[in-house]
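Below is one structure; the comments refer to it alone.
The values are calculated or read from the model by the stated rules, or taken from the named source; none is laboratory data. It should be emphasised that the depicted structure is a prediction, and the values quoted were computed from it without experimental measurement. When we count neighbours, we look across all protein chains shown, and the Cβ atoms used for this are built from the backbone with ideal geometry, even at glycine. Just the protein is used for accessible areas: all its heavy atoms, side chains included, with ligands, DNA and RNA removed. Shrake-Rupley method; radii C 1.70, N 1.55, O 1.52, S 1.80 Å.
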Amino acid sequence: MSVLPKPIPPLYTVYILRSTVRRASLYVGSTPHPPRRLKQHNGESKGGAVRTSRSTLRPWEMVGLVSGFPGMVAALKFEWALTNSHLSLHIPSTSRINVATQKKRNGHPKRPPHSVTSILSNLHLLLRVPSFARLPIKLHFFAPDVHRAWIKWCGTSNEPLRDTINVVTDFGLAANASTEGDKEITDATSQPWGIYALSLDYAPIKDYVEKTQSAFAFEREGDCVVCGEGLNPGEGLYAACSNAGCEGVGHVSCWSEHLLGKEKNDSIIPVSGRCPKCEGQVRWGEMMMEMSLRLRGQKEISKLLKKPRKRKAAISNDT
Ligand SMILES: [Zn+2]
Ligand SMILES: [Zn+2]
């Protein structure tokens, strides 16, 4: 594998935006920071897309998003394929839901208008194509009706998704309302939910990063957990087990081969598996994020591990 120029970002998403005024108006975009991006679409800060600038369609809401992209490029490819499913080579024309019937003046097929079902059905297709199927993808739904449409679509599809694709819902207080439709205005100070509850930084892997930082700082790499060969500190690409208390480290190529197991012949990217040392579950995406931070993200690591300032009245133990 090639060394990444930047650490894998903590979050990169492809989102579905819907007008709260005219629910048939939908838009697909990508961002590392959904709350900030939504503000732009709603004109509360600079930089929104032209298509979402009509004040009659504002405010917009994010009704769902896909996270787990290893970076901007992968997210942009996914966004493009989802938006241009009528052109995308990722989707075989026979399984396209939206078939372009009109042509633009330049002769190219015109993109048919989005509907919740067309977006979700294309999403379902994209999550099954080899180039995306192995990413540590997570689907988030923030609107009950969009989630229902997803469940319905999954029920009609003959081809199931990988079971490693995580689907989570967060409807906030709307979940308690008897009917969505007359959605109550929720108190902004209440518990954050939806895009406001997403973790935008590396905090979820802080313990993991802390553990490996200490292991590598004291050159406790030891032997590769897979092949048993000694690991030379400061050399080669080494990945570490993510489980607390386990200091299993190994060659990236060995981990990859071990996690792929029987799939070795037809895939190159592992999804998840068990650590040979502690037998605990490890996820490839998470391991690569930690390794990319260790190799390329000293700045990000210092920020993450920066301890809160000690109180002034520190007791001195010197005697
Ligand atoms: Zn090895
Ligand atoms: Zn382990």
Can you work out the FRET efficiency for the pair K303 and T156, with r the C-beta to C-beta distance and R0 = 51 Å, to the nearest 0.05? 0.65
With contacts defined as alpha carbon pairs under 8 Å and 6 or more residues apart, what's the relative contact order of segment 212-289 in percent? 26
Of all alpha-carbon pairs in segment 204-305, indicate the percentage at a distance above 24 angstrom. 17
In nm, give the distance between the simple-model label positions of D201 and A49, each being 7 Å from the Cα along the Cα-to-Cβ direction. 2.9
Order the peptides 69-81, 274-286, 46-58 from the highest to the lowest mean number of other Cβ atoms within 10 Å of their residues. 69-81, 274-286, 46-58
Report, to the nearest whole %, how much of the accessible area of segment 266-305 belongs to carbon and sulfur atoms, 1.4 Å probe, protein only. 51
Shape descriptors of segment 1-46 over alpha-carbon atoms, Rg and Dmax in angstrom, are 14.4, 47
Under the rule rounded for a/c under 1.5, else prolate if a/b exceeds b/c, else oblate, using alpha carbon gyration tensor axes a ≥ b ≥ c, segment 211-253 is classed as oblate
Once both label points are put 7 Å beyond Cα along the C-beta direction, the K262-R274 separation in nm becomes 1.5
Return one whole number: the accessible area per residue of segment 204-305 in Å², for a 1.4 Å probe. 53
Just to be sure I understand the model, the point goes 7 Å from the Cα along the line to the Cβ. What's the resulting S253 to N232 distance in nm? 1.4
